[in-house]
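To start, the structure under review is shown below, and the notes come after it.
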Amino acid sequence: MNLFKNLYAYRELLKTNIKKDIRGKYKGSFLGILWSFLTPLLQVVVYWLVFPYIMGRAGNVDNYLCYLVCGIIPWTFFTSVVTLGTSVINNNKDLIKKVYFPREILPISQAISGLINFFISCSIIVIFCIGTGAGISFHIVLLPVIAIIQFMLNLGIVFILSALNVYIRDIEFAIQFIINLGFYASPIIYPATLLPKGNILTFLITINPITILVNSYRDIFLNHRWPDFTSLGCVCLFSLGVLIIGYFIFKKLEKGFAEQF
């Protein structure tokens, strides 16, 4: 309950930080916030041109271009929040030393700004679905639900990493390698059907929360069906658990932040 009281009491600071995270990321660039569209779009173009030649028609995936978009946009949502969120405490150390405010506002504002950018970027998915002939169905009404589940997972991870990074600075350098590994451990650019059956690696990729979330996005955008609610429900419970544990870890380590700077 203290969390919600603090968020309400410092709501103006939260709003300011969200605006700063959204606008400040591309401050000084000519295209500004348009890079939120261009970055995943350029990734899609590269993989669309290269990957089919490597795998041969991308594993016989119909409408591979739209398949890519439905995977890369959610993945970008995850990576941008985790990457920027990991260093959010260290990047605001001067503010932390001078002014008192609930420190959790910093990772929360980072996660919320990422969520807003994600919803904006979803317009790219809609455009590609319509442009490639896949179309749009009423199943996209579930988009906010899936996005909130991913938001909880993102925020829980950021709570943990941002707090640990204050004490172990190597984390922000190691996280990029881990994210690159996670990219290939999730069916973002390849279909899960390409994986060998009965393999332990295949099993781990299948139960990967990002895999289930990406498949859910593809179901509502591309496949025009409801996602697997059992799997999605499990990811929801897992994400909630990560969020709660992450918050308690953050609050435990928060007491020594100022001493580390």
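The values are calculated or read from the model by the stated rules, or taken from the named source; none is laboratory data. This is a predicted model, so every value here is computed, not measured. Heads up, the Cβs are rebuilt from the backbone with ideal geometry, glycines too, and the neighbour counts pull from every protein chain shown. Surface accessibility is based on the protein's heavy atoms, side chains included, excluding ligands, DNA and RNA. Shrake-Rupley method; radii C 1.70, N 1.55, O 1.52, S 1.80 Å.
Brief remarks on what is shown
- Across the protein chains, with a 1.4 Å probe defining accessible surface, the residues HIS224, HIS139 rank HIS224, HIS139 from largest area downward.
- Between region 182-261 and region 115-157, the alpha-carbon center distance in angstrom: 15
- Relative contact order [Cα under 8 Å, 6+ residues apart], region 132-261, whole percent: 47
- Stretching ILE116 away from GLU259 to a fully extended chain increases their span by 48.2 nm, per 0.36 nm per residue minus the current alpha-carbon distance.
- Rounded to the nearest 20, the Cβ-based charge dipole of region 109-230 about its Cα centre (Lys and Arg +1, Asp and Glu -1) stands at 160 debye.
- Protein-only accessible surface order, largest first, of ILE72, ILE112, ILE244 at 1.4 Å: ILE244, ILE112, ILE72
- Cβ-defined net charge surrounding GLU254, 15 Å radius [Lys, Arg +1; Asp, Glu -1]: +4
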